[in-house]
Amino acid sequence: MAVAAGFVIGACTADPDSSGLEYMPDMYRSPAIEPYVDYGELRGRLNPDVSQRQSALTPPNSTIPYYGTNKEDVMMMLPYHRLPAPSTASTHGLFGWEYTKNTEADYEYNQAAMDVNPLKLTAENAEATFKNGKELYAANCMHCHGEKGDGNGPMVQSGAYTGAAVLTGLAIADGQMFYSIYYGKGMMGAHNSIVNKKEIWTLVHHIRKLQSADYGTFNADGTMAGKPAAADTTKTATTPVMPKPVKK
């Protein structure tokens, strides 16, 4: 009894907000795996064997998260069917990817001109789509391309970066714009790890809005009044296919 009483009294503290000392915290407080924690140093214990080891692992190649049962959303979020050029391993950091076998310069980029934006604008969703696109643009693009798409964002003005594309005069198809954002193009790095496919297509809509204020406006009968300033929307979208796993 005296020993038990000693443990109870010893667990008490003068701090009214304290829960007391914990003798066996793992018994009732399960330590969760933290994706960005260096487990080489945990609770004062050092384990050099796992120090600086990545704890957030990359999902298996060609797997995708669950996106619900809506066919359009699922098809939109399937792995991208266009492949990067082998040179992007060194120019844009795309190491270990499956690359196109076609040796023609910009082959996949040119083929992407056939891809149309699967995120369809309607009179009902246009306002929300443009609002979302503006927020995504402000977070991921504006620092280089500028608020109005004039290629004169804060990074350019500071002299830290040059060569940002003037989006208001960018005469390429929607699919090529998507390809450029996804894999990177010229001085711009790949953004596929920052924004997902639906977000990139949303950005394409926002950029079209920067190019033409009438884009995404609708007539009384529900037909679109404003057309893209530079996009060719007469093409047929290509059916996405699952990329082949990279052989290690």
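The values are calculated or read from the model by the stated rules, or taken from the named source; none is laboratory data. Every value quoted in this text rests on a predicted model; they were computed, and no experiment measured them. As a convention, Cβ positions derive from the backbone with ideal geometry for all residues, glycine included, and neighbour counts pool all protein chains shown.
In the range 184-198, the condition of being in a helix (DSSP H, G or I) and among the aliphatic types (A, V, I, L, M) is met by no residue.
Count of the range 199-222 residues, restricted to those that are among the aliphatic types (A, V, I, L, M) and either assigned to a strand (DSSP E or B) or free of Cβ contacts under 8 Å to residues at least 40 places away in the same chain (or both), is 3. Filtering the range 79-104 down to residues that are of a type in the set (Gly, Ala, Ser), surrounded by fewer than 16 Cβ atoms within 10 Å (Cβ to Cβ) and touching a residue at least 12 places away in the same chain (Cβ under 8 Å), which residue is farthest from GLY184 (Cα to Cα)? The extreme case among them is GLY96. Within the range 105-119, the set of residues being without any contact (Cβ under 8 Å) to a residue 24 or more places away in the chain and part of a loop (DSSP other than H, G, I, E, B) comprises ALA105, ASP106.
Report yes if some residue within the range 60-75 is under 19 Å from ALA173 (Cβ atoms), within 20 Å of the chain's Cα centre (by Cα) and surrounded by 13 or more Cβ atoms within 10 Å (Cβ to Cβ); otherwise report no. Looking through the range 60-75, none of the residues is under 19 Å from ALA173 (Cβ atoms), within 20 Å of the chain's Cα centre (by Cα) and surrounded by 13 or more Cβ atoms within 10 Å (Cβ to Cβ). Among the residues making up the range 71-84, those that are assigned to a loop (DSSP other than H, G, I, E, B) and either touching a helix residue (DSSP H, G or I) at 6+ places or on another chain (Cβ under 7 Å) or not assigned by TED's automatic domain parsing to the domain that holds GLU108 (or both) are TYR80, ARG82, LEU83, PRO84.
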